[in-house]
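J.: Please find one structure pasted underneath; my questions will follow.
The values are calculated or read from the model by the stated rules, or taken from the named source; none is laboratory data. All figures in this text were calculated on a predicted structure; none of them were measured in a lab. Because the Cβ atoms are built from the backbone with ideal geometry, glycine has one as well, and the counts that use them run over all protein chains shown.
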Amino acid sequence: MRAAVIGASSESIYTISKAKELGLFVVALDGNPKAPGLKEADASFVVDIRDPEKVFEILDKEENKPDVVLPVPIGRYLTTTGAVNDRYGLVGVTEEAAGICTDKYEFHRILNENGLRDAELYLLPAGSDVPDASELNDMYPVVVKPRFGSGSRGVEIFNSRAELEEKFLKGQPYDEDYCIESCIPGPEYGVDGVFVDGKFKLILLRGKKNTPPPYRECVGYYSVLRTEENKEFYDRVVDLMQKIGDCVGFKDNLIHADIIKDNNNRPFIIETSARPSGHNLHNLFTPMASGVDEVVEFIKYALPGLNKTYSFDAKTKGNMVIRYFDFEDVRVNKVPDEKELMKKYPLKAWQCNLQPGMFLGKVTNGASIMGRGFYVLEAATHFELDGYCDAIKSEFELEETK
Ligand SMILES: Nc1ncnc2c1ncn2[C@@H]1O[C@H](COP(=O)(O)OP(=O)(O)O)[C@@H](O)[C@H]1O
Ligand SMILES: [Mg+2]
């Protein structure tokens, strides 16, 4: 059997390797000849994946025709994955559902209409230079983000009309569409889940640790278990994701989502997409914390011909955290020794790409932090995990540069 990969970034490598282990022949496509997933595949093609017709030209050939499109992290052009699924009748996200979840404006419009997303949103079309801030309702703080963004690119929070005017609206016109929406206060969560025959199943709820506003970039995730204390919120997340899936048209696909717990202990959906989560979650943290290797289970589900049983049932594990290196405005003078750390702390994984002499700037988006590496810890409570994270930070020698 054959698997296609649409978008062969480094984040596709894990799924490609798992597909090969399952005996699939992997055909990878990406517009960038240097995309790292291309050399991991059995056959690869450099092609503009933004254009489904060009992708069909390749996949229509008998020797390339896919039985499944592998679930890999990808941004806007998840729509091409949907188009390929539609064309060959494959199990996975449809083009229509992919189009809705990758368009922040459409996603809001449809959910809001169905009572599933209580926020205000203004669309600022590319090239236009209205509105000025006085035309917006008093809805501060607001979040400004590109309509088709991902990885926190260009996302910023503004607290007042004056600030929005000064730091954003003055820069108009922009060359892409932007959304200006109400910023919902509360702690943030991540969701890994799956739709099986239209039914939503939660694989892992993650508590997100963010840098302070205005950037609120994610610097870590805790596993959140369904305990007595939070089962109400947990169950509301499941219920909301089911309704969103019904509304958007998710039937047979993995999803990840960003959610805020609002002041009434209710989940507010920021966004969801029909693909596995990046940031070393789908390939590392989510399997560790939930016991479910979601991409492997999805491939088995999508291909009954493999004759392998699948299960998305999470096996509750202890409390874990995946932490990224969020040091800001420092020069790294010393990096601790991995072996020593492993002896001292309950580390389950350690990958540090920092080296002495490196200068680390501000963390403003995914790109500015994710390349630095990560580590995973397990402990009895989130409080204990935080203590270990502080201790690990103090094992580095960092010199402030500002
Ligand atoms: N309406 C909102 N209320 C509160 N926080 C938000 C809102 N929209 C975005 N954010 C914050 O900004 C981050 C990035 O926004 P998101 O819409 O997920 O864009 P991206 O596709 O780039 O990840 C979110 O993870 C969250 O921290
Ligand atoms: Mg997001």
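Let's see how each residue does on (1) more than 20 Å from F200 (Cβ to Cβ); (2) under 21 Å from the mean Cα position of the chain (by Cα); (3) not basic (K, R):
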residue	(1), (2), (3)
G37	yes, yes, yes
S44	yes, no, yes
R87	yes, no, no
A97	no, yes, yes
D103	yes, yes, yes
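Each row is one residue, and each column tells you yes or no for (1) under 21 Å from the mean Cα position of the chain (by Cα); (2) within 16 Å of ligand 2 (Cβ to nearest atom); (3) modelled with pLDDT of 95 or more.
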{"residue": "T227", "(1), (2), (3)": "no, no, no"}
{"residue": "K231", "(1), (2), (3)": "no, no, yes"}
{"residue": "I255", "(1), (2), (3)": "yes, yes, yes"}
{"residue": "P267", "(1), (2), (3)": "yes, yes, yes"}
{"residue": "S273", "(1), (2), (3)": "yes, yes, yes"}
{"residue": "G291", "(1), (2), (3)": "yes, no, yes"}
{"residue": "E294", "(1), (2), (3)": "yes, no, yes"}
{"residue": "E297", "(1), (2), (3)": "yes, no, yes"}
{"residue": "N307", "(1), (2), (3)": "no, no, yes"}
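J.: Could you list, in sequence order, the residues of the stretch 132-159 that are more than 16 Å from ligand 2 (Cβ to nearest atom), touching a helix residue (DSSP H, G or I) at 6+ places or on another chain (Cβ under 8 Å) and not charged (D, E, K, R)?
T.: Correct list: A133, S134, L136, Y140, V142, F158.
J.: With the condition being surrounded by fewer than 18 Cβ atoms within 10 Å (Cβ to Cβ) and within 15 Å of ligand 1 (Cβ to nearest atom), I'd like the helices (runs of 4 or more DSSP H) fully within the stretch 204-312 carrying at least 2 qualifying residues.
T.: Values: elements: 231-248, 286-290, 294-302.
Counting at least 2 such residues, we get no helices (runs of 4 or more DSSP H) at all.
J.: Related question: Against the conditions (1) out of contact with any Cys (no Cβ under 7 Å at 6 or more places or on another chain); (2) assigned to a loop (DSSP other than H, G, I, E, B); (3) not small (G, A, S), where does I100 fall short? Just the number, please.
T.: Every condition holds for I100 apart from (2).
J.: When you scan the stretch 160-180, how many residues do you find that are more than 13 Å from ligand 2 (Cβ to nearest atom), touching a residue at least 24 places away in the same chain (Cβ under 8 Å) and either assigned by TED's automatic domain parsing to the domain that holds P276 or not aromatic (F, W, Y) (or both)?
T.: At the first step, the residues of the stretch 160-180 found to be more than 13 Å from ligand 2 (Cβ to nearest atom) are 160-178, 180.
From what is left, the residues that are touching a residue at least 24 places away in the same chain (Cβ under 8 Å) are 161-162, 164-165, 168-169, 172-178, 180.
Narrowing further to those that are either assigned by TED's automatic domain parsing to the domain that holds P276 or not aromatic (F, W, Y) (or both): 161-162, 164-165, 169, 172-173, 175-177, 180.
Residues meeting the conditions: 11.
J.: If you scan the stretch 116-158, which residues turn out to be more than 16 Å from Y105 (Cα to Cα), touching a Cys at 6+ places or on another chain (Cβ under 6 Å) and assigned to a loop (DSSP other than H, G, I, E, B)?
T.: Correct list: P141 only.
J.: On to the next question. For residues in the stretch 110-131 being touching an Asp or Glu at 6+ places or on another chain (Cβ under 6 Å) and within 16 Å of ligand 2 (Cβ to nearest atom), which is nearest to C183 (Cα to Cα)?
T.: A119
J.: Still on this structure: Enumerate the pairs (first residue in the stretch 49-67 and in the same structural domain as G82 (by TED's automatic domain parsing) and among the polar types (S, T, N, Q); second residue anywhere and surrounded by 14 or more Cβ atoms within 10 Å (Cβ to Cβ) and assigned to a helix (DSSP H, G or I)) with beta-carbon separation below 8 Å, excluding pairs fewer than 6 apart on the same chain, so at least 6 apart or on different chains.
T.: Matching pairs, first to second residue: N64/I58.
Yes or no, residue by residue, for (1) under 25 Å from G305 (Cβ atoms); (2) small (G, A, S); (3) in contact with a helix residue (DSSP H, G or I) (Cβ under 9 Å, 6 or more places away or on another chain):
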site	(1), (2), (3)
I49	no, no, yes
E57	no, no, no
K61	yes, no, no
K65	yes, no, yes
L70	yes, no, yes
G75	no, yes, no
T79	no, no, yes
A83	yes, yes, yes
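J.: Before we move on, is D326 within 30 Å of I16 (Cβ to Cβ), of a type in the set (D, E), in a loop (DSSP other than H, G, I, E, B) and in contact (Cβ under 8 Å) with a residue 24 or more places away in the chain?
T.: Yes; evaluated as a whole, the condition is true for this residue.
J.: Out of all the residues in the stretch 352-377, which are among the polar types (S, T, N, Q) and touching a strand residue (DSSP E or B) at 6+ places or on another chain (Cβ under 6 Å)? Before you say what the answer is, go through the steps one by one.
T.: Step one: of the stretch 352-377, the residues among the polar types (S, T, N, Q) are 353, 355, 364-365, 368.
Within the stretch 352-377, just N353 meets the criteria.
J.: Same structure again: Here are some conditions: (1) out of contact with any Leu (no Cβ under 8 Å at 6 or more places or on another chain); (2) more than 21 Å from R275 (Cβ to Cβ). Y178 meets all but one. Which one does it not meet?
T.: Only one criterion in (1) out of contact with any Leu (no Cβ under 8 Å at 6 or more places or on another chain); (2) more than 21 Å from R275 (Cβ to Cβ) is unmet by Y178, namely (1).
J.: Mind counting the residues in the stretch 181-203 that are among the β-branched types (V, I, T), within 15 Å of ligand 1 (Cβ to nearest atom) and surrounded by 22 or more Cβ atoms within 10 Å (Cβ to Cβ)? So that I can check it myself, show each step before the final result.
T.: Start the filter on the stretch 181-203 by keeping residues that are among the β-branched types (V, I, T), which leaves 184, 191, 194, 196, 203.
Cutting the leftovers down to within 15 Å of ligand 1 (Cβ to nearest atom) gives us 184, 191.
Subsequent filtering for residues that are surrounded by 22 or more Cβ atoms within 10 Å (Cβ to Cβ) retains 191.
Within the stretch 181-203, residues that are among the β-branched types (V, I, T), within 15 Å of ligand 1 (Cβ to nearest atom) and surrounded by 22 or more Cβ atoms within 10 Å (Cβ to Cβ) number 1.
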